[in-house]
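FYI, it's all coordinate maths here, none of it is from the lab. Owing to the predicted nature of the structure, the values given are computational and were not obtained by experimental measurement. Ideal geometry is used to build each Cβ from the backbone, glycine not excepted, and the neighbour counts take in all protein chains shown.
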Amino acid sequence: MTDTRTPSKSATPSTGVSRRTLLKGSAAVAGAAVGSGAITGFPTIWAQNIKNVTLRQFGTGVSNLNAVADKVKEDLGFTLQMTALDSDAVTQRAVTQPKSYDIADIEYWIGKKVFPAGVMQPMDVKKIKNFDKIVPIFITGKLTPDSAIAQGTAPHTVGFVEGKDSTKFAKAPTEWMTLIPTIYNADTLGIRPDLVGRPISSWKDLLDPAFKGKASLLNIPSIGIMDAAMVCEAMGEIKYGDKGNMTKEEIDKTLKIMTDAKKAGQFRAFWKTFDESVNLMSSGEVIIQSMWSPAVAAVRAKGIQCVYQPLKEGYRAWGGGLGIAKHLSGLELDAAYEYINWYLSGWVGAYLNRQGYYSAVLDTAKQHMSPEEWAFWMEGQPAKADILSPEGKVMEKAGAVRDGGSFQERMGRVACWNAVMDEDRYMVRKWNEFIAA
Amino acid sequence: MTLTAETSRPSATAAAGRVRRVRLLPRVAPYLQAAPLTVTLLLFLLVPILTIVAVSFWDYDSVRIYPDFVLTNYTELLTSPVTWKTYLNTLKYAVLTWAITLGIGFTVAYFLAFHVRSTTWQMVLFLVCTIPFWTSNIIRMISWIPFLGRNGLLNSSLISAGIIDQPLEFLLFSDFSVVLAFVHLYALFMVVPIFNSMMRIDRALIEAARDGGASAAQTLWNVILPLTKPGIAIGSIFVVTLVMGDFITVRLMSGGQSASIGLMIANEISLLQYPAAAANAVVLLAVVLIMVVAMLRVVDIRKEL
C-alpha cells in the first residue's frame, strides 16, 4: 500500500527510496513464483492460481505433521492447513461439519463410520499414479498372496465403494477408493524390561498378578476393547468369532474379565492421550501397558529402557488414509489429487518410515531413505550407523535392532485391525460400565 | 403500539401525545433497561438448554442423530446401575470436597477477618490466597502428579526419611488424589464469600457478646456463625456445582479409573451419542438445581445481601 501511495508525491526526494522498495518487492514475488514452480515433479497443473489454493486437512495427530505442510508449500506451491484432533473428535467433526475440511486424514475404522454419512467423495484410482504400488494389504487384505486376512475392520473391506456416488463399501477392489492409505503400524504392549523382571511373550501377561497395580490399558473404547480381546483370547478364556465384530455375549465376557482384574487392583491407570502413556511409563507408575510406537520411542529418548514387545499371538494393527470431502471440486479437487499423488511419491513415506510407522508405497519411500535406514526400519537388521529421527535427533545407536524385526515379520503377523463393531453402541455402554466399576 | 397510533393522527393532538409519551417513558424504561440482560439470557442460556432438552428425546446411531421422540435415552440412563454408581461417586466427591473446603475456608476467613487487625494486611493476605489462581487449573492439577507418584517427591522423601519402606500407592490415581485436587482448586471459592460475610459483621455485636459474658466459642457459634451463613451458602453453591460438573480433574487425578457424571457426558459426546449425553445433562441439571434450592431453603442469602 505504501508503495502505491508514495510515488504520487512525484518530485519529492522520497521517490528514490520508494522505487527501490518497489523493485525489491517485485523481485521477491518473481523469485517466489520461480521457486515454487521449479522443484515440483508433477507438472499436471501449471495454472498459476494454484498458489492461491488452500487445502484444509484435519486428522489424528500421528500424520498431521508441520514438516509435511512445509514441504507441500515448497514442492506443490499451495497451502496445506493442518488441524490435529483425537480420533473421537475427528469422527465427530468429519460427520457433523463436512464443510469445515477439504481433506480428512482418518483411520479406516473411522472411515467405516464416516463414509456412509455421505460427506466424502471416493477417489478415481486412474488419477492415482502409484496405485499399483500400494501395499496389497490395502487392496486385497493380504500382504503376500498366501497370508491370512486379519480380523477387525481390515482396510481393504472399507477401501472401495461401488461407484462414484455410492456410499456402499464394495466387496472387491473397484475404481473408486475411499481412502488413500498413508500411514499404518502394528501395535503391541510396551514394557519396562528393567522392571518387569521376566521375559514377556504373550498378551495375557498384562493381567499377570505379578504386575498388580502396575498395568495400564488405553481408554479409547474401540481400541481398548481390542487389546482386552487379545488378552482374553491369549488367556484361553474366550474364543472369538471375530474380535473386530463381537457379539453381545463376547463383549460381556471380555469386560467381565477386565472388570474383575480392575477390582482386584491390576490397573494403575487408564490413559487416553499419547503423553499420558509416555508419562505413566517413564515415571515407573506402570511397567506394562498398551502403547503406541512413537510413545515407546519417546520414553527411550528420555534414556529409560522401554521395549515394544512382540507377542506370540500377533499384533493389533491400525491404518489411516486421506479422503476428500464431498464439497471439493474444480481447481481445489485437482490440488487435492496433486497432493495425494505427491504423498505417495516417496518423501512423506520416508519421513513416516523414519518415525517407525509404515508408508503405503514402499518403493518410492525407499528411494528417499539411505540403505542403512532402510535395513534398520524395514528389514529388521542391526543398525550400521546411528539412526536419526526425521528431525535429526539420534533415535537408536548403531547396533540396535528394531523391536519385532522386519516389515514382513511385523505386518505379516497382524491378528486384528482396529475396528468399529455392529454392536458398537452396546460395547461403548459396557466399556463405560467397566471404567466406572 | 401507542406510538404508531399517535403518528397517524394530525398535529393538533401532538401536545397531548407528548404528555402521554412522557408519562409512558417511566413505565417502559425499566423494561428497556432489563432488555439486554433478558435477551442475553434468552439467547445464551434458555435457548441452548431447551435445545439440550429437545435433543435428549432424539434417537441416534453411531454417526448421526435423528429427530424423534423416544424415551430410550432416559430409560437406558436411569435403569443402568452404572448411572447410580456414578452419581453416588460424584456426590461422594462433592460432599467430601464441600466439608473440607468449608473447614479450610471458614478457618482462613476467620483468621483474616478477626485476627488480622489492619485493613492493609487483610488485603495483602487475601491477595496471597489468590496466588494459586494466577496459573491455569490444569497446571495446578497436573503438578500434583509428579509430587504424589510412586517415585514422586513425597514418597521418595518419606522413604529416605525412613518413615515408610514401601511407596504409598494410595497417594496418586485414587479417590484421595481426586479430593485433594478438588480442595486445592476450589478452597478459595469458599474463602472469598465467607470472608466477605465476616467483614460485614458489626464488631459491636462481638463486643456485646463478650460483655454479656459469652466465651469465645459461644461467640463463634451463636454470633459469628449465624451471620456468616449467607457466605457459607454462596461458597457451598460454588463448590458443589463445580464438583458436580467436573470431568477433567476426576479423569487426570484418578488415572481414568473413576467415573464422574461430567466424564460420562464427555465420553458420550466424544462417541457422537449426543442424545444420550443430552439426557444425562438434563438429569444432572435437575439434580444440581435441587441441591441449590435445598441450600437456599436452609439459608436465605437475599436477606443478608
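Below is a table of values for the structure above.
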{"quantity": "On Cα atoms only, tilt of A:87-96 relative to the major axis of chain A in degrees", "calculated": "60"}
{"quantity": "Where Rh is the Kirkwood radius over Cα pairs, Rg/Rh for segment B:120-248", "calculated": "1.12"}
{"quantity": "0 to 90° range, to nearest 10: angle between helix A:66-76 axis and chain A longest Cα axis", "calculated": "40"}
{"quantity": "Three semi-axes of the equivalent ellipsoid, chain A, Cα gyration tensor, whole Å, largest first", "calculated": "43, 26, 21"}
{"quantity": "Value at 222 nm in deg cm²/dmol, rounded to 500, when DSSP H runs of n ≥ 4 in chain B each add -39,500 (n - 2.57)", "calculated": "-22500 deg cm²/dmol"}
{"quantity": "Across A:Lys113/A:Lys171; A:Lys71/A:Lys366; A:Lys127/A:Lys326; A:Lys263/B:Lys85; A:Lys127/A:Lys168; A:Lys73/A:Lys127, pairs whose alpha-carbon gap is larger than 25 Å", "calculated": "none"}
{"quantity": "Ratio of Rg to Rh over segment A:162-297 (Cα coordinates, Kirkwood Rh, two decimals)", "calculated": "1.06"}
{"quantity": "Normalised per residue, the volume of the convex hull around the Cα set of segment B:50-176 (Å³)", "calculated": "237"}
{"quantity": "Measure of compaction for segment B:178-305 (Cα Rg per 2.2 N^0.38 Å)", "calculated": "1.41"}
{"quantity": "Peptide A:418-426, shielding by other chains (average Cβ, 10 Å cutoff)", "calculated": "2"}
{"quantity": "Span-rule helices in chain B, defined as complete DSSP H runs reaching 18 Å or more along the axis (Cα) with Kyte mean at least -0.5", "calculated": "B:14-41, B:81-110, B:175-200, B:225-245, B:274-298"}
{"quantity": "Cross-link table A:Lys133/A:Lys397; A:Lys204/A:Lys243; A:Lys112/A:Lys248, entries beyond 22 Å C-alpha to C-alpha", "calculated": "A:Lys133/A:Lys397"}
{"quantity": "Coordinate range along principal axes, alpha carbons of segment B:81-304, Å, largest first", "calculated": "63, 51, 29"}
{"quantity": "With Cα atoms, 0 to 90° folded angle of helix A:330-343 axis to chain A main axis", "calculated": "60"}
{"quantity": "Share, in percent, of DSSP beta bridges within the protein assembly as shown that are antiparallel, nearest 5", "calculated": "60"}
{"quantity": "Expected 222 nm ellipticity per residue - DSSP helices of 4 or more, -39500 (n - 2.57), all of chain A, to 500", "calculated": "-11000 deg cm²/dmol"}
{"quantity": "Those lysines that a straight Cα-Cα span of less than 20 Å connects to B:Lys229, excepting residues fewer than 8 apart in one chain", "calculated": "B:Lys303"}
{"quantity": "Whole-percent pair-distance distribution, where bins are 20 Å wide, for the alpha carbons of the protein assembly as shown", "calculated": "13, 37, 30, 16, 3, 0"}
{"quantity": "Per DSSP, loop trypsin sites (Lys or Arg not before Pro) in segment A:139-248 with at most 13 further Cβ within 10 Å", "calculated": "A:Lys164, A:Lys168, A:Lys171, A:Lys239"}
{"quantity": "Amide H within-cut-off set for A:Phe270, under 5 Å, with H built and near neighbours excluded", "calculated": "B:Gly256, B:Gln257"}
